[in-house]
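Undergrad: Sharing a structure with you now.
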Amino acid sequence: MKDTRKTVFLTGGSTGIGAACVRKFAREGWNVAFMDVNAGDGARLAAEQGVLFLEGDTRSRADLDQAVAAACRQFGGLDCVVANAGIHRCNTVLDISEEELDLMIDTNIKGTVHTLRAAVPCLMSRGAGSVVINASDQCYVGKPNSFGYGLTKGALGQIVKGMAIDLGPKGIRVNAVCAGTIRTPLTETLFQRFADITHGGDTGAYWRSEAALYPLGRVGEAHEVAELMYFLASDAASFMTGGLYLVDGGLTAG
Ligand SMILES: NC(=O)c1ccc[n+]([C@@H]2O[C@H](COP(=O)([O-])OP(=O)(O)OC[C@H]3O[C@@H](n4cnc5c(N)ncnc54)[C@H](O)[C@@H]3O)[C@@H](O)[C@H]2O)c1
């Protein structure tokens, strides 16, 4: 019998926001395939959720081509791609090394472009589909010690707008989610470094100072971002494209 369920391909699904998306799409009855460099957590999550895990690095165009082909073989095509994989490093324009600049650009920008180039033709072959990019509140505001991150996430915001114009006539919607601080392995690691700089190494105090910046008085959780990413992927968002949508606890309201 033909599989009538929708299919999503995600990057960076092993932990954090990506893992919350894997769980959300699976709960909503979608076929889910995800690619990540973290094979241990990826395989565990895939077994738990009954979804397809593909080990690979988004910096490699070949890895993406292979992973998308495997997902299409398994599920017969794609309806949505979620470009989520990303990294953060602590730096300013004055101290970022050439290697770290390349790493940020290769992972956050080129990794996203590789994902889109591999997956969008699969959406187009169905005549409809949705692209969701995990950008950042740093499409809207600057933050300290986040030079490389901010420049790459700003680029993703622009990718969304240009792609929405190019692909709208082909039935493809393209949107980005711009989250404030979310408690994930990324921020757990990063904030140890930030705490060293501003709070004498007291990570707990750093997290409390971060939460105090938010009108809601707390940082976000991964599942709160996954809800918006799923909504943008779904037909409920059928007239939404080219948008950068905040899920930031009111941080940028002031
Ligand atoms: N946590 C936040 O506060 C926050 C806020 C806004 C946006 N984001 C974005 O959300 C996305 C997910 O981050 P997270 O916070 O869940 O962190 P995370 O570290 O838990 O998740 C990132 C995932 O991407 C994977 N990954 C990293 N580089 C990869 C590569 N080259 N190839 C394949 N997989 C790779 C990691 O293994 C990990 O599973 C990132 O793009 C991040 O920039 C995070």
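Undergrad: Are there any pairs, at least 6 apart or on different chains, whose C-beta atoms fall under 7 Å, with the first in segment 42-59 and away from the ligand (no atom under 12 Å from the Cβ) and of a type in the set (Val, Ile, Thr) and the second modelled with pLDDT of 95 or more and in a helix (DSSP H, G or I), and if so, which?
TA: Cβ pairs passing all conditions: Val51/Val22; Val51/Ala26.
Undergrad: A further question follows. Scan segment 176-207 residue by residue and report those that are among the hydroxyl-bearing types (Ser, Thr, Tyr) and either touching a Lys or Arg at 6+ places or on another chain (Cβ under 6 Å) or away from the ligand (no atom under 12 Å from the Cβ) (or both).
TA: Of everything in segment 176-207, those that are among the hydroxyl-bearing types (Ser, Thr, Tyr) and either touching a Lys or Arg at 6+ places or on another chain (Cβ under 6 Å) or away from the ligand (no atom under 12 Å from the Cβ) (or both) turn out to be Thr198, Thr203, Tyr206.
Undergrad: Do any residues in segment 229-254 that are assigned to a helix (DSSP H, G or I) and polar (S, T, N, Q) have Cβ atoms under 6 Å from those of residues that are surrounded by fewer than 18 Cβ atoms within 10 Å (Cβ to Cβ) and at pLDDT 95 or above, where the two are at least six apart or on different chains, and which pairs are they?
TA: Listed by first residue and then by second, the contacts come to Thr252/Tyr140; Thr252/Val141.
Undergrad: Got a number for residues in segment 216-254 being within 12 Å of the ligand (Cβ to nearest atom) and either charged (D, E, K, R) or loosely packed, with under 13 Cβ neighbours inside 10 Å (or both)?
TA: The qualifying residues number 3.
Undergrad: Another question, then. Limited to segment 177-189, what total is found for residues that are among the hydrophobic types (A, V, I, L, M, F, W, C) and surrounded by fewer than 20 Cβ atoms within 10 Å (Cβ to Cβ)?
TA: The number of residues fulfilling the criteria is 1.
Undergrad: Find all pairs meeting these conditions: Cβ atoms under 7 angstrom apart; at least six residues apart or on different chains; first residue within segment 81-105 and touching a residue at least 60 places away in the same chain (Cβ under 8 Å) and surrounded by fewer than 21 Cβ atoms within 10 Å (Cβ to Cβ); second residue among the acidic types (Asp, Glu) and part of a helix (DSSP H, G or I).
TA: Filtered contacts from segment 81-105: Arg89/Glu100.
Undergrad: Among the residues of segment 165-198, what is the count of those that are within 20 Å of Arg89 (Cα to Cα), in a strand (DSSP E or B) and among the small types (Gly, Ala, Ser)?
TA: Matching residues across segment 165-198 total 1.
Undergrad: Further, regarding this structure: Taking Ile105 as the residue in question, decide whether it is among the aliphatic types (A, V, I, L, M) and farther than 21 Å from Ile182 by Cα.
TA: In short, yes.
Undergrad: Which ones in segment 110-153 are of a type in the set (Phe, Trp, Tyr), closer than 19 Å to Val247 by Cα and in a helix (DSSP H, G or I)?
TA: Tyr149
Undergrad: Considering only segment 77-98, how many residues are within 15 Å of the ligand (Cβ to nearest atom) and farther than 14 Å from Tyr149 by Cβ?
TA: Total satisfying the criteria: 4.
Undergrad: Something else about it: Can you work out which of the residues in segment 87-109 that are polar (S, T, N, Q) and in a helix (DSSP H, G or I) is farthest from Leu64 (Cα to Cα)?
TA: Among residues in segment 87-109 that are polar (S, T, N, Q) and in a helix (DSSP H, G or I), the one farthest from Leu64 (Cα to Cα) is Asn108.
Undergrad: Going through segment 158-185 one residue at a time, which ones are in contact with a strand residue (DSSP E or B) (Cβ under 8 Å, 6 or more places away or on another chain) and within 20 Å of Ala226 (Cβ to Cβ)?
TA: Val160, Arg173, Val174, Asn175, Ala176, Val177, Cys178, Ala179, Gly180, Thr181, Ile182, Arg183
Undergrad: Looking for something more than 14 Å from the ligand (Cβ to nearest atom), among the hydrophobic types (A, V, I, L, M, F, W, C) and surrounded by fewer than 17 Cβ atoms within 10 Å (Cβ to Cβ) - is there at least one such residue anywhere in segment 164-171?
TA: Yes, segment 164-171 contains a residue that is more than 14 Å from the ligand (Cβ to nearest atom), among the hydrophobic types (A, V, I, L, M, F, W, C) and surrounded by fewer than 17 Cβ atoms within 10 Å (Cβ to Cβ).
Undergrad: What do you reckon, is Asn134 away from the ligand (no atom under 14 Å from the Cβ), closer than 30 Å to Phe191 by Cβ and surrounded by 15 or more Cβ atoms within 10 Å (Cβ to Cβ)?
TA: It is false that Asn134 is away from the ligand (no atom under 14 Å from the Cβ), closer than 30 Å to Phe191 by Cβ and surrounded by 15 or more Cβ atoms within 10 Å (Cβ to Cβ).
Undergrad: Turning to a different aspect of this structure: Going through segment 57-86 one residue at a time, which ones are closer than 22 Å to Lys24 by Cβ and not in a helix (DSSP H, G or I)?
TA: Once the filter is applied, which keeps residues that are closer than 22 Å to Lys24 by Cβ and not in a helix (DSSP H, G or I), segment 57-86 yields Thr58, Gly76, Gly77, Leu78, Asp79, Cys80, Val81, Val82, Ala83, Asn84, Ala85, Gly86.
Undergrad: Among the residues in segment 203-215, are any among the charged types (D, E, K, R), surrounded by 17 or more Cβ atoms within 10 Å (Cβ to Cβ) and assigned to a helix (DSSP H, G or I)?
TA: Yes, some residue in segment 203-215 is among the charged types (D, E, K, R), surrounded by 17 or more Cβ atoms within 10 Å (Cβ to Cβ) and assigned to a helix (DSSP H, G or I).
The values are calculated or read from the model by the stated rules, or taken from the named source; none is laboratory data. Quick caveat: nothing in here was measured; it's all calculated off a predicted structure. Every residue, glycine among them, receives a Cβ derived from its backbone with ideal geometry; neighbour counts consider all protein chains shown.
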